[in-house]
Amino acid sequence: MDNIISKISEKINKGEEVSPFLFTGKNLEIVNQKVNDFAISLLKKFEIPNAYLYILKDNQENIKVKEVKDFISYSNSKPPYKFQIFLIENISRLTIWASNSMLKFFEEPWTKNIIFTTNYWENNVLDTILSRVQIINLNINLEKRENQFFQSLIKSYLNNESNELISYFIKNKLEKEELKKENLDFLDNLIIYAKNNLTLIKYLEELNDDINWIKQNNLNAKYIVDKWILKIK
């Protein structure tokens, strides 16, 4: 994030326009908080009050045209500071009509308006918005979490070469906490695999939701793994 602050600061000091950002990550609640903190840090660096951070909070409901118009109306009044920030959480909530009503704002935010948006990933963001943003992935490096054992089992299973994936989880006799960790590791690797597989990519959001449910609500991880082993087949 420090690198991004430096790049934005350089543009601000030169009086240049800052292109909108899309911050993505598999845990959207954490992403929203990180971007919020990042925006406040940027304001603080330029001694700008937090009141100049405008947020469309994620309430799980679609963002309609009227909300968009009310939100971006603040961009028309120039602040007495170098910039103000507009943060849209979970931008995939935009309806097509709301998205269209924001296009000009994304195309020409002007030098004193900085736009931050968040989402799980770029796949379910409308192309008209996606083409106008810089994408910053806040996930921990997926390659570092990639488990070649699970990747191999998933590949063999999907290619009808082996059912070892099913056997592995049937025979798995780990203790409860270890089993939960193992199941989450498998689901994380299924997401990694799905990102490069056209057949599975449509499941990314549902997979991410299931992982978050396991982590936040103590959902039965074994049940979720069984569900996905059947579903992807």
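The values are calculated or read from the model by the stated rules, or taken from the named source; none is laboratory data. Small disclaimer: the values here were computed from a predicted structure and weren't measured. Here the Cβ is made from the backbone with ideal geometry for all residues, glycine too, and neighbour counts use every protein chain on show. For accessibility, only protein heavy atoms count, side chains too; no ligands or nucleic acids. Shrake-Rupley method; radii C 1.70, N 1.55, O 1.52, S 1.80 Å.
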inquiry  = Just to be sure I understand, how many residues within the range 146-175 are among the β-branched types (Val, Ile, Thr) and open to solvent by less than 70 Å² (accessible area, probe 1.4 Å)?
reply    = 2
remark   = With criteria (1) closer than 30 Å to Ala194 by Cα; (2) open to solvent by less than 10 Å² (accessible area, probe 1.4 Å), Gln84 comes up short on (1)
Where Leu126 falls short, out of the listed (1) open to solvent by less than 50 Å² (accessible area, probe 1.4 Å); (2) farther than 16 Å from Val35 by Cα = (1)
message = Cβ-Cβ distance below 6 Å, separation of 6 or more or different chains: which pairs start in the range 183-209 with a residue that is open to solvent by less than 10 Å² (accessible area, probe 1.4 Å) and end on one that is outside any helix (DSSP H, G or I)?
response = Asn189/Asn147; Ala194/Leu200; Asn208/Lys26; Asn208/Tyr120
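Scan the range 204-233 for residues that are within 20 Å of Asn160 (Cα to Cα) and of a type outside the set (Asp, Glu) and jot them down.
From the range 204-233, those within 20 Å of Asn160 (Cα to Cα) are 225-233; that's our starting set.
Correct list: Val225, Lys227, Trp228, Ile229, Leu230, Lys231, Ile232, Lys233.
Give me a count of the residues in the range 1-38 that are closer than 20 Å to Ser92 by Cα and open to solvent by less than 70 Å² (accessible area, probe 1.4 Å). Walk me through it before giving the result.
Filtering the range 1-38 for residues closer than 20 Å to Ser92 by Cα gives 19-36.
Those still in the list that are open to solvent by less than 70 Å² (accessible area, probe 1.4 Å) too: 19-28, 31-32, 35-36.
Result for the range 1-38: 14.
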